[in-house]
Each structure stands twice: as C-alpha cells, then as structure tokens.
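**Student:** Please see the structure below; I have some questions.
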Amino acid sequence: MFYKQRRVATKADMWFAQNSSQFERLKNLSVINLPMENTRAIAKLAQRNMQLQCTIQDGQVWLSDGNDSAQVERVLLKVPSTRGH
C-alpha cells in the first residue's frame, strides 16, 4: 500500500496565497520555498569561516562542509510565465 505524504500548510504558504495575485503580474518571477526541515539542516552547517560546496545533479541540490551535508529541497510556488510578453 502506498501513502502519499501531504505537505502541511506553512506561514510561507499562507503568505504566498495572500500575495499570489500580485505575483502573477510579475511574469519573470520565481518563488521558491525551502521546507523548514531543510533549512534546519543547512543551519547546522553554519560556522565561522565556513566553506561550503554546492553540488547540483539531476535536479537535486546538496550543500556540504566536507564533513556533513544537507539536501536543499525546493518547493516551486511560482515559475516564470512562458506565455507571450
């Protein structure tokens, strides 16, 4: 049996919903949400004088400090319009 995990609405989702009509007028705008669990993992990499490597492969993004790594999941809320100018 397969269960699809539903994403819980966040403050970012509510903010986007409240402003989406304004965003639609901006044809070249992209809006990307980074889920909280991913931003927490990225925050754990933060250190004074840090050096991070970013790997992008097959649409996945990873940050690494040489010892630990964190996946940067992106939830696309709006992508640029491909319709006529």
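**Student:** Over the Cα atoms, compute the radius of gyration (one decimal) and Dmax (the largest Cα-Cα distance, rounded to a whole number) for the chain, in Å.
**Tutor:** Radius of gyration, then largest Cα-Cα span, for the chain: 16.3, 47 Å.
**Student:** Subtracting the Cα-Cα distance from 0.36 nm times the residue separation, let me have the gained length for A46 to T10 in nm, one decimal.
**Tutor:** Gain on extension, A46 to T10, equals 10.6 nm.
**Student:** What nm distance separates the two modelled labels at K78 and S20, each placed 7 Å from Cα along Cα→Cβ?
**Tutor:** 1.1 nm
**Student:** Next question, about the same structure. In Å, what is the Rg of the alpha-carbon atoms in region 25-71, and how long is Dmax?
**Tutor:** Final numbers for Rg and Dmax: 13.3, 43 Å.
**Student:** Now a separate question. Of all accessible surface on the chain at a 1.4 Å probe, what whole percent is carbon and sulfur?
**Tutor:** The nonpolar share, carbon plus sulfur, comes to 51 percent.
**Student:** Hey, what number do you get for the chain at 222 nm if only DSSP H runs of n ≥ 4 count, each worth -39500 (n - 2.57), divided across all residues, to the nearest 500?
**Tutor:** Theoretical 222 nm ellipticity from helices: -8500 deg cm²/dmol.
**Student:** Give the angle, between 0 and 90 degrees and rounded to the nearest 10, that separates the Cα long axis of helix 11-24 from the longest principal axis of the Cα atoms of the chain.
**Tutor:** 40 degrees
The values are calculated or read from the model by the stated rules, or taken from the named source; none is laboratory data. Everything numeric in this text was worked out from a predicted model, so none of it was measured. With ideal geometry, Cβ positions are generated from the backbone for all residues, glycine too; neighbour counts draw on all protein chains shown. Calculation scope for accessible area: heavy atoms of the full protein, side chains included, ligands and nucleic acids excluded. Shrake-Rupley method; radii C 1.70, N 1.55, O 1.52, S 1.80 Å.
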